[in-house]
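Worksheet: one structure, shown below.
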Amino acid sequence: MKRLKHIVILDPIPFAGGSKVSTKHILSQLESKPVRISILTSDPDTWAKTQAYVKTLYMPKQLEKTEQGLSYFTRHFLIALQLLWLRLFVGRMDTALAASGPGVDLGLYLARFLLGYRLVQMVHGPVARSRTIGRCLLSADEVYYLDSTRDSLNHAISATGSLEDVSAFPQFQTFRNGLPKALWPTRCQYDYAVLFWAASLLKWKGLDTLTKALSHMTPSERPETHICFIRPKQTNLAVSNAPQCITKVFWHEAPEKLDGIRARSNIFVSTSTKEPFGLSILEAMAAGMCVIIPSDGAYWDTQLTDGENCLKYLPDDEADLARTLAKAQQNMQSLKELGEEAFQIARQYRAELCFSAICDALTQQSARNDAALARDEVQG
């Protein structure tokens, strides 16, 4: 029997987020492939419903938030040691998926010297200008990045002394997020206006902009609002307060039935500025919602047109957002038409198309592993 190709994934981020949702969508595309998957994670609950072997990552509290200096490298050496230990229990690793970003996935690069796997790096957001990060990017076998992160990748690579653009390196390719058919969001209702917001409480996600906009509206003007949030753990970044006491606003912390809450709504608001992609925006579009986004030059701002398939407001401007919210709920027929146009665009973002190149890269074996297999067969 042919040996299953083994993919290992490192997930050192202790709370849920867009990159993990994207990774889970990729795993859903691998279910029919001859592969097995092991995940070393700080967040085992995220992977509980997958078919992967899941091992919890240990990290001392004093190292959990380190982002620079000797303690940063100590943290990643400890992760690398745990990858070596994992190898003893799960067997040879063919490919590693670095799904968070090179600054977070450094342990995979360190362990690679001894474990010899192919390394596929995904980049979901801007990376820091760092020689270490630049060297990691240049050493990866494949790098799949959102186009909005290109400038930051160039800055990181320039820190190594290279003046080349990422387009000069054949291992660098852009990707778009996609949604699996089996997990396609339920179509929303169009009976009456209900607002929906979903993100983490990190300040840059902009929850404060929404709550201030809602406060600009009287209770009679304010639509029924459902705010679904994830509370970040082990982070040095500023976070917003939740829940807050606002009339007609309902709060849901890490809800299990997110799809049902979204389906009972029909207006989606994004308050993140310069979102690298905006997976929650795509999910809202796929549900046929009227999406409201900032005109900030980010990905969806360049793909959608105000008044045709979305509504836009001035970034970080709660007064303008309040006016846009009022406009959205004035006419349910117009709201439905905007949602239908957004849905047609979302249909182009199917996981089997968007992630096909990444899945091919993950299931490809290195020449080194092919040679080892051939040697084993001869000796066997």
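The values are calculated or read from the model by the stated rules, or taken from the named source; none is laboratory data. Remember, predicted model here, so these are calculated numbers, not experimental data. Positions of Cβ are backbone-derived with ideal geometry, glycine not excepted, and every protein chain shown enters the neighbour counts.
When residues in the range 295-306 are screened for being without any contact (Cβ under 8 Å) to a residue 60 or more places away in the chain, under 21 Å from A213 (Cβ atoms) and not aromatic (F, W, Y), 6 of them pass.
If L4 passes every condition in (1) touching a strand residue (DSSP E or B) at 6+ places or on another chain (Cβ under 8 Å); (2) touching a residue at least 40 places away in the same chain (Cβ under 8 Å); (3) surrounded by fewer than 20 Cβ atoms within 10 Å (Cβ to Cβ) but one, which one does it miss? Result: L4 passes all but (2). Of everything listed in (1) surrounded by 16 or more Cβ atoms within 10 Å (Cβ to Cβ); (2) in contact with a Leu (Cβ under 9 Å, 6 or more places away or on another chain), the single unmet condition for G206 is (2).
With the condition kept exactly as written, say whether any residue in the range 212-222 is part of a loop (DSSP other than H, G, I, E, B) and of a type in the set (S, T, N, Q). Yes: one or more hits. For the range 89-109, the set of residues classified as buried (at least 19 other Cβ atoms within 10 Å of the Cβ), among the aliphatic types (A, V, I, L, M) and either at pLDDT 95 or above or not in a loop (DSSP other than H, G, I, E, B) (or both) consists of M93, A96, L97, A98, L106, L108, listed by residue number. Within the range 245-253, the presence of at least one residue that is part of a loop (DSSP other than H, G, I, E, B) and in contact with a Ser or Thr (Cβ under 9 Å, 6 or more places away or on another chain) is confirmed. The residue of the range 255-287 that is nearest to L311 (Cα to Cα), among those that are of a type outside the set (A, V, I, L, M, F, W, C), under 18 Å from the mean Cα position of the chain (by Cα) and crowded, with 22+ Cβ neighbours inside 10 Å, is S270.
Kindly check whether there is at least one residue in the range 115-126 that is modelled with pLDDT of 95 or more, part of a loop (DSSP other than H, G, I, E, B) and either crowded, with 17+ Cβ neighbours inside 10 Å or on the phi < 0 side of the Ramachandran plot (or both). Yes - at least one qualifying residue is present in the range 115-126. Condition test on K33, is it outside any helix (DSSP H, G or I), in contact (Cβ under 8 Å) with a residue 60 or more places away in the chain, in the same structural domain as R112 (by TED's automatic domain parsing) and more than 21 Å from the chain's Cα centre (by Cα)? In short, yes.
Annotation: of all residues in the range 163-175 being surrounded by 16 or more Cβ atoms within 10 Å (Cβ to Cβ) and of a type outside the set (A, V, I, L, M, F, W, C), the one that is farthest from A361 (Cα to Cα) is T174.
For the range 223-240, what are the residues that are in a loop (DSSP other than H, G, I, E, B) and in contact (Cβ under 8 Å) with a residue 40 or more places away in the chain?
P223, R231, P232, K233, Q234, T235, N236
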